[in-house]
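Asker: Below is the structure I would like to discuss, written out as structure tokens.
The values are calculated or read from the model by the stated rules, or taken from the named source; none is laboratory data. This one's a predicted model, so the numbers in the text were calculated from it and none came from an experiment. All Cβ positions, glycine included, derive from the backbone under ideal geometry; neighbour counts span all protein chains shown.
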Amino acid sequence: MRQKTALLGLFLIVAAQSASAFYCGQLLVKEGDYKLQVLDKCGQPDYSDSRVEYRSTVLRGSGIQQPGLDFINQAPVQIDEWTYDFGRRRFMQFLHFENGRLIYINNLGYGTLNGSE
């Protein structure tokens, strides 16, 4: 019994740090959703931030004409980060979008008294 309790406690600690889905009311928000889908399910976030990052990829040259010639391609990635505060009885949720798609969700701990309950 003691071992089961310890395993359950460990699972809850790990689950509290990252999540791949959460509920807004009765609607499930999950990784892979688009920003508009999340807005429809949860409304406006309590906090949001946007920026553009440039990600580099190396394109290897091949073939007879240009052997060994490499090209570096820099592509812009639109990053949006949202936070929802559902009140002190629920975890706040941190959402990370890339190019409009939800990439990952993190639990931030319990919300504040000012959050909607």
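Asker: If Tyr84 satisfies all but one of (1) of a type in the set (Ser, Thr, Tyr); (2) at pLDDT 90 or above; (3) more than 17 Å from Leu28 (Cβ to Cβ), what's the number of the condition it fails?
Answerer: It fails just one condition, (3).
Asker: Take the stretch 25-39 and flag every residue that is crowded, with 16+ Cβ neighbours inside 10 Å and assigned to a strand (DSSP E or B).
Answerer: Val29
Asker: Consider Leu95 against the criteria (1) assigned to a strand (DSSP E or B); (2) modelled with pLDDT under 95: it satisfies all of them except one. Which criterion is unmet?
Answerer: In the conditions (1) assigned to a strand (DSSP E or B); (2) modelled with pLDDT under 95, Leu95 misses (2) alone.
Asker: From the residues in the stretch 44-73 that are of a type in the set (A, V, I, L, M) and exposed (fewer than 10 other Cβ atoms within 10 Å of the Cβ), which one is modelled with the highest pLDDT?
Answerer: Per the stated criteria, the residue is Val52.
Asker: Okay, next question. Starting from the stretch 12-36, keep only residues that are modelled with pLDDT of 95 or more, then list their pairs with residues that are aromatic (Phe, Trp, Tyr) whose Cβ atoms are within a distance under 7 Å, requiring at least 6 positions of separation or different chains.
Answerer: Val29/Phe22; Glu31/Tyr104; Lys35/Phe97
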